[in-house]
1. Would you pick out the residues in the stretch 30-67 that are part of a strand (DSSP E or B) and touching an Asp or Glu at 6+ places or on another chain (Cβ under 9 Å)?
2. Of the conditions (1) part of a loop (DSSP other than H, G, I, E, B); (2) at pLDDT 95 or above; (3) open to solvent by 70 Å² or more (accessible area, probe 1.4 Å), R8 satisfies every one except a single condition; which number is it?
3. Across the stretch 17-55, what is the total count of residues that are within 11 Å of F73 (Cα to Cα) and either among the acidic types (D, E) or within 10 Å of the chain's Cα centre (by Cα) (or both)?
4. With respect to M1, is the statement that it is modelled with pLDDT of 95 or more and of a type outside the set (S, T, Y) true?
5. Taking the condition part of a helix (DSSP H, G or I), over 18 Å from Q14 (Cβ atoms) and either open to solvent by 60 Å² or more (accessible area, probe 1.4 Å) or modelled with pLDDT of 95 or more (or both), does R26 pass?
6. Taking the stretch 50-85 on its own, how many of its residues are within 15 Å of L10 (Cβ to Cβ) and surrounded by 10 or more Cβ atoms within 10 Å (Cβ to Cβ)?
7. Quick one: would you say A32 is touching a residue at least 24 places away in the same chain (Cβ under 8 Å) and not polar (S, T, N, Q)?
Amino acid sequence: MPAPPRKRRLSAEQRRALAMLADAGRNGVTAAIMLANGLKTKMLAHLDREGLATAMIAERVKDGGKIIEVIRFRITAAGRRALED
């Protein structure tokens, strides 16, 4: 018999990030906005690794000679469940 899913203990910062993503709807939130709200890159990467959120390149913008990738985070079903617990 498979083990039951484990309960995740979210930190206040993780809970705040997931709440932002849940409120954002289908489009999610850019990494720049998440960082501007005081969230840490390492914590956002952890949410992605744990399957609570997904990070994807939404677009590439050319600025001068540089290409800037716009990363967008969205909450997953597992992230919504973790937020409800």
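1. If we filter the stretch 30-67 for residues that are part of a strand (DSSP E or B), which is where we start, we get 30, 53-63, 66-67.
Scanning the stretch 30-67 gives T54, A55, I57, A58, E59, R60, V61.
2. (2)
3. Step one: filter the stretch 17-55 for residues within 11 Å of F73 (Cα to Cα), giving 17-18, 20-22, 24-34, 44-45, 47-48, 52-55.
Narrowing further to those that are either among the acidic types (D, E) or within 10 Å of the chain's Cα centre (by Cα) (or both): 17-18, 20-22, 28-31, 34, 44-45, 47-48, 52-55.
Residues meeting the conditions: 18.
4. Values: modelled with pLDDT of 95 or more: no; of a type outside the set (S, T, Y): yes.
So M1 fails the test.
5. Working: part of a helix (DSSP H, G or I): yes; over 18 Å from Q14 (Cβ atoms): yes; either open to solvent by 60 Å² or more (accessible area, probe 1.4 Å) or modelled with pLDDT of 95 or more (or both): yes.
Considered against the rule, which asks whether it is part of a helix (DSSP H, G or I), over 18 Å from Q14 (Cβ atoms) and either open to solvent by 60 Å² or more (accessible area, probe 1.4 Å) or modelled with pLDDT of 95 or more (or both), R26 comes out as yes.
6. Here is the first cut: in the stretch 50-85, the ones within 15 Å of L10 (Cβ to Cβ) are 50-53, 75-76, 78-85.
Checking which are surrounded by 10 or more Cβ atoms within 10 Å (Cβ to Cβ) leaves us with 50-53, 75-76, 78-83.
Looking only at that region, the number is 12.
7. Working: touching a residue at least 24 places away in the same chain (Cβ under 8 Å): yes; not polar (S, T, N, Q): yes.
Yes.
The values are calculated or read from the model by the stated rules, or taken from the named source; none is laboratory data. Note that the coordinates shown come from a computational prediction; the quantities given were computed from them, not determined experimentally. Cβ coordinates were reconstructed from backbone atoms using ideal geometry, including for glycine residues, and neighbour counts include every protein chain displayed. Just so you know, the surface numbers come from the protein's heavy atoms only, side chains and all, with ligands and any DNA or RNA stripped out. Shrake-Rupley method; radii C 1.70, N 1.55, O 1.52, S 1.80 Å.
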